[in-house]
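Asks: One structure is given below, represented as structure tokens, and several questions about it will come after.
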Amino acid sequence: MKFYKKLLVIFFAMLVISCILGSVLKTPIDTLVKENETIRELASYHDGVYNYGKILRRIFMIVIVCLLIFSRKSLGLGQLITSGLRLRPGWKNNLVTGLSIGVISLLIYGIFTFVLGVQLTENRPPSISALITKPIIYLFEACLIGLFEETLLRGIILRGLLKDLSRSVSIISASLFYALLHFFSFKVNITVGNHPFAGFTTLAGFFSPHHLDIQMILPFIIGLFLLGVVLSLAYLHTGSLYLSIGLHAGLVYGVKLNHMLLDHNHEMSTWFFGDGHIVSGVFGWIFLLGILMIIKIFIPSTPIQEQS
């Protein structure tokens, strides 16, 4: 069976298993949400309602990791992962360079959008303690996201697709998959109480008519697809995951800092400026293309085909 077919089987198995677990675990999760402050904050619990979509996404993550471990020999994961994460000369430089490009790009983006009035200062600025602690927490979270998502999406999926498909088709397929995965980031609220099919109803909620509003979702999908292309080309440009991991982490970190300090001016929500996310408007897409140009011009190329 070709690699991409195996991936599709694993993906659909992940959805089914996660929805079953999400349904079975609904009652104990209700208890945790009501009694544990950390879980309550994570799930945005309020007046007997909480975001079960956030819970189900964590279940997705655990299940997909388990399925990948179970299928590691069939997929050849050992070779795929070690190929991308091997500590070749210059890996630290690529990691730091990617992180720097991501953070500086978002800093410039924040300055431009603030000057243009697209973003405003927060009505309730963060406290001094938050200004000290949150950037440290955000950096840790961004690095974890960069490492996990790049290992999965570029190190495993993109690298695996290259076995059966052309370079262009592999990049487009992996980037489209990356963009569509963000449908699962939508908020899906559910009430505390008996919901025997909570996992399945939450999965359906990710694709509700409200979330499928083409005017709202299309710019976001285009931007995420473009970001996936940039990260894929960053990986293929160096033949190593460290540049894309650093870049992904830097962008996530920059976005988190931006949201901590600035608030989107919704009167400026257009196709050009987006809705407060860098990927949701043409202005942000220009920055992503600029990042791609910087990588192509200033970072030495070590094509992945030359790696053993």
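The numbers here are math on the coordinates, done by the rules we state, and not lab data. This is a predicted model, so every value here is computed, not measured. Virtual Cβ from ideal backbone geometry, glycine too; neighbours counted across all protein chains shown.
Asks: So how far apart, in nm, are the two label points at Leu87 and Ile297 if each is 7 Å from Cα heading toward Cβ?
Replies: My value for the distance between the label points is 3.4 nm.
Asks: Continuing with this model, one more query. Quick one: how many lysine pairs in segment 3-306 have C-alpha atoms under 15 angstrom apart, if they're 8 or more apart or on different chains?
Replies: Lysine pairs meeting both conditions in segment 3-306 amount to 7.
Asks: Need one number: nm distance between label points at Asn265 and His46, each 7 Å from Cα along Cα→Cβ, rounded to one decimal.
Replies: Each label point is offset 7 Å from its Cα along the Cβ direction, giving 2.6 nm.
Asks: How would you rank Val115, Val192, going from fewest to most other Cβ atoms within 10 Å of each one's own Cβ?
Replies: Ordered from fewest to most neighbouring Cβ atoms within 10 Å, Val115, Val192 come out as Val115, Val192.
Asks: I'd like the FRET efficiency for Glu122 and His277, computed as 1/(1 + (r/R0)^6) with the beta carbon distance as r and R0 of 22 Å, rounded to 0.05.
Replies: Rounded to the nearest 0.05, the efficiency is 0.85.
Asks: Could you list the residues of segment 46-86 with an amide nitrogen less than 14 Å from a label point located 7 Å from the Cα of Leu25 in the Cα-to-C-beta direction?
Replies: Only 52-67 pass the distance filter.
Asks: Right, another one. Can you put Lys134, Lys187, Lys26 in order, fewest other beta carbons within 10 Å first?
Replies: Ranked by crowding around the Cβ, least crowded first: Lys187, Lys134, Lys26.
Asks: I've got another one for you. Can you give the net charge of the other residues whose Cβ lies under 14 Å from the Cβ of Arg40, counting K and R as +1 and D and E as -1?
Replies: -3
Asks: Another question, if that's okay. In Å and on Cα atoms, what radius of gyration and Dmax does the chain show?
Replies: 20.1, 57
Asks: Ile69 to Ile217: FRET efficiency via 1/(1 + (r/R0)^6), r the Cβ-Cβ distance, R0 35 Å, to the nearest 0.05?
Replies: Using R0 = 35 Å, I get an efficiency of 0.60.
Asks: May I pose another question? Over all directions, what mean area does the Cα convex hull of segment 185-308 project, stated in square nanometres?
Replies: For the Cα atoms of segment 185-308, the hull's average projected area reads 11.2 nm².
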